[in-house]
Amino acid sequence: MPAAERDRYDIVFVTSEMFPFSKTGGLADVLGALPPALARLGLKVGVVTPLYGRMKAEEFDPRLVSSDCHVGYPWPPITAEIYQTEYYGVTVWFVSRDEFFDRRQYYNTYKGDYFDNCERFTFFSRAAVEWLKRLGRAPRIVHVNDWQSGLVPAWIHFLKRTDPYWKDTRTVMTIHNLAFQGRFSSRLFFDSGLPHEAWHMDGCEFWGDFNLLKSGIAYADAITTVSPSYAAEILTHEFGCGLEGILNKRAGSLRGIINGADYDVWDPKRDRYIPSCYAADRMTGKMWCKKKLIREYYLSDMLEHRPILGFIGRLRRQKGIDLLIDIMPEVMAMNVGVIILGEGNLDFEARLLEMMEEYQGQLHVIVGYTEELAHRIQAGCDIFLMPSRYEPCGLTQMYALRYGTPPVATAVGGLKDTIVPYPSDEATGFTFARPDSRLFRDAVRDAVRCWEDSECWDGLVRRAMASDFCWDRSAERYLELYRDLGLAPRQDFLR
């Protein structure tokens, strides 16, 4: 193979988050795991992501590789700095511009979204395209994620008309959560650098506004979302969030590929965050993790002999936290414990903290999020709660399965695709049909009753821990997609 071909990137991801450098949710976990999985299959992979002020990158020692990457937005002379590091066989480039990215939060504060989010991520997307132009050979596939990078496929689509550099590049748009679309004033479209012909109902325009996610859906060569069930759901009015029209027009280019779980990070056999490691054939470590939670959070000693239920997630209606609040008195009457980790809606935070005072010894609420606490709660709880109204894929239920903490979840999206519901002989968890408080309560009661039957529970836990959603399988599905788009196979792929 010629040297120039070897040096050409097969896949470059463009993303606003990537674990371990930045994270607000599952998007970061996906981008921390999928690119290395593809690299293990023999592809040459890169990632472009912002350099946030809060970013954790010191141990990877990123180096400055360009101080004058021309962006031309929001005014012609503006440039970005580009830093580079390596992460498990993947080249990672960071786009730096302090006034856009050196902030306490990534997208918003408790008061709401940053007023200039459109400008910030238009700048980021344009910087990514400009940096890829400097590689000397265009990547075969540019794979973007969510609204923050949704403009990239649109630019490449129109650049192909005049710039032969991009003629063989194909673009993929992955929707991680359709509810977050990047919808802004129309005037920002006319400042973005896209041609006016992109302003129409099958392009970037959405009810008179500039929609960055819709831009990616309209102009990407292929569209994916993060589970097969969610791919079907978003074609409907109930789950389409207003974009079901264009998604149905692009349905032939849409497929659902289930996310994977990063078992290098999430595995109780070797988890550095938990007080005692364990496995399906030696569960004493899980008992010790539970005891540590009870002591740390001043829960009642009686909970050593009763189930503890865990919830980890954003405190928003999407995650069904209001359903949990609704049934909390009935759950407490089951003589169980509940531990909640998350932040979000201030009213939900306040109500949960009030409830913690009301149910001392049974309920503990931690407002915030840390990776360490998430691991310890997964390991120390008996049952995991995911009453989501919609869930494109979900990763925490995959982690809960591996940690022997069977989930109770709404049968939507990726939850439906990854949990085998009780009372099947192959059950790995519990599901309920729709986001309804009574159905949720009944599913929790089923889980508690199963826990009380040691034979029922032991079998369920063993099957849950044997569930395998490794990223290598998901990476092979993405490789099939890339090949369908024209990525020529290499001899060392899938060796």
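Fewest to most neighbouring Cβ within 10 Å: what's the order for Thr405, Thr91?
So the ranking, lowest neighbour count to highest, is Thr91, Thr405.
Amide H of Leu315 versus every other amide H placed in the peptide plane: which residues, excluding those fewer than 5 positions away on the same chain, fall under 5 Å?
Residues meeting the amide H criterion: Glu343, Gly344, Asn345.
What are the principal axis extents of the Cα atoms in segment 284-468, in Å, biggest first?
Each principal axis gives a Cα extent; for segment 284-468 these are 40, 35, 30 Å.
Could you sort the peptides 376-382, 212-218, 316-322, 270-276 by per-residue average Cβ neighbour count (10 Å cutoff), highest mean leading? Walk me through the intermediate numbers first.
Working: 376-382: 25.1, 212-218: 27.6, 316-322: 20.1, 270-276: 15.7.
Ranking the peptides 376-382, 212-218, 316-322, 270-276 by packing returns 212-218, 376-382, 316-322, 270-276.
Search the structure for amide H atoms under 5 Å from the amide H of Ala261, placed 1.01 Å from N in the peptide plane, and list their residues when 5 or more places away or on another chain.
Sorted by chain and number, the residues that satisfy this are Phe469, Cys470, Trp471.
For segment 126-251, what does the relative contact order come out to in percent, with C-alpha contacts under 8 Å and a separation of six or more?
27
Enumerate by residue number the trypsin sites (Lys or Arg not before Pro) in segment 144-198 meeting two conditions: DSSP loop (anything except H, G, I, E, B), and at most 13 other Cβ atoms within 10 Å of the site's Cβ. Mind dumping the intermediate values first?
On the way: sites: Lys160, Arg161, Lys167, Arg170, Arg183, Arg187; in loops: Lys160, Arg161, Lys167.
Counting only loop positions with at most 13 other Cβ atoms within 10 Å, the trypsin sites (Lys or Arg not before Pro) in segment 144-198 are Arg161, Lys167.
Which aspartates and glutamates have a Cα less than 20 Å from the Cα of Lys291, not counting those fewer than 8 places away in the same chain?
Once the sequence-local aspartates and glutamates are set aside, what remains near Lys291 is Asp267, Asp271, Asp281, Asp301, Glu304, Glu371, Glu372, Asp382, Glu452, Asp458.
Scan the chain and note any complete DSSP helix (H) whose C-alpha atoms cover at least 15 Å along its axis and whose Kyte-Doolittle average is -0.5 or more.
Numbers: long enough: 26-40 (21 Å, 0.97); 117-133 (24 Å, -0.19); 284-296 (18 Å, -0.99); 321-332 (16 Å, 1.42); 346-358 (18 Å, -0.17); 437-452 (23 Å, -0.57); 454-466 (18 Å, -0.16); 471-484 (20 Å, -1.60).
The answer, listed by residue number, is 26-40, 117-133, 321-332, 346-358, 454-466.
Sum up the charges of everything whose Cβ sits under 12 Å from the Cβ of Trp155, counting Lys and Arg as +1 and Asp and Glu as -1, but leave Trp155 out. Don't skip to the answer; put the middle values down first.
Details: positive: Arg126, Lys133, Lys160, Arg161; negative: Glu130, Asp163.
My count for the surroundings of Trp155 gives +2.
Need one number: % antiparallel among DSSP beta bridges in the chain, to the nearest 5. Display every interim value, and only then the final one.
On the way: 20 of 66 bridges.
About 30 percent, rounded to the nearest 5.
Quick one: which residues, 5+ away or cross-chain, put their amide H under 5 Å from the amide H of Thr174? H built at 1.01 Å from N.
For Thr174, whose amide H was placed from the backbone, the distant partners under 5 Å are Val144, Asn145, Asp146, Thr224.
Between Met201 and Ser185, with labels modelled 7 Å along Cα→Cβ, what's the label distance in nm to one decimal, could you check?
Roughly 2.6 nm, to one decimal.
Could you work out how far apart the two model spin labels at Met332 and Arg314 are, taking each label as a point 7 Å from the Cα in the direction of the beta carbon, and quote it in nm?
2.8
Any idea what the relative contact order of segment 223-375 is, in percent, if you count C-alpha pairs under 8 Å spaced at least 6 apart? Display every interim value, and only then the final one.
Numbers: 178 pairs, mean separation 27.1, N = 153.
Result for segment 223-375 is 18 percent.
Note down the relative contact order for the chain as a percent, whole number, built from C-alpha pairs under 8 angstrom at least six residues apart.
Values: 969 pairs, mean separation 61.9, N = 495.
About 13 percent, as a whole number.
Can you run phi through the Karplus equation (6.51, -1.76, 1.60; θ = phi - 60°) for segment 177-191 and list ³J(HN,Hα) in whole Hz, with x for Gly and Pro?
7, 5, 5, 9, 10, x, 9, 9, 4, 4, 4, 6, 4, 6, 9
Order by neighbour count: Glu330, Glu426, Glu205, Glu58, fewest other Cβ atoms within 10 Å first, most last. Intermediate results must be reported in sequence, preceding the final value.
Working: Glu330 15, Glu426 10, Glu205 18, Glu58 7.
The order, fewest Cβ neighbours first, is Glu58, Glu426, Glu330, Glu205.
For segment 24-120, which chymotrypsin sites (Phe, Trp or Tyr not before Pro) are both in a DSSP coil and crowded by at most 14 other Cβ atoms within 10 Å? Walk me through the numbers on the way to the answer.
Working: sites: Tyr52, Phe60, Tyr83, Tyr87, Tyr88, Trp93, Phe94, Phe100, Phe101, Tyr106, Tyr107, Tyr110, Tyr114, Phe115; in loops: Tyr52, Tyr88, Tyr106, Tyr107, Tyr110, Tyr114, Phe115.
The qualifying sites are Tyr88, Tyr110, Phe115.
By counting other Cβ atoms within 10 Å of each Cβ, how are Met334, Met328 ranked from fewest to most?
On the way: Met334 16, Met328 20.
Going from sparsest to densest Cβ surroundings: Met334, Met328.
Can you give me the Rg/Rh ratio for the chain, using Cα atoms for both radii and the Kirkwood formula for Rh?
Numbers: Rg = 23.1 Å, Rh = 23.6 Å.
For the chain, the value is 0.98.
May I ask for the distance between the Cα centers of segment 117-141 and segment 389-449, given as a whole number of Å?
First find each Cα centre; the distance between them is then 40 Å.
Given Lys44/Lys319; Lys23/Lys249; Lys111/Lys292; Lys292/Lys416; Lys23/Lys44, which pairs have Cα atoms separated by over 28 Å?
On the way: Lys44/Lys319 36 Å; Lys23/Lys249 32 Å; Lys111/Lys292 36 Å; Lys292/Lys416 32 Å; Lys23/Lys44 24 Å.
As for pairs spanning more than 28 Å Cα to Cα, those are Lys44/Lys319; Lys23/Lys249; Lys111/Lys292; Lys292/Lys416.
Since every read-out is calculated from the coordinates, none of them should be taken as a lab result. On a predicted model such as this, the values are computed, not experimentally measured, just so you know. No Cβ is skipped: glycine too gets one built from the backbone with ideal geometry, and neighbour counts run over all protein chains shown.
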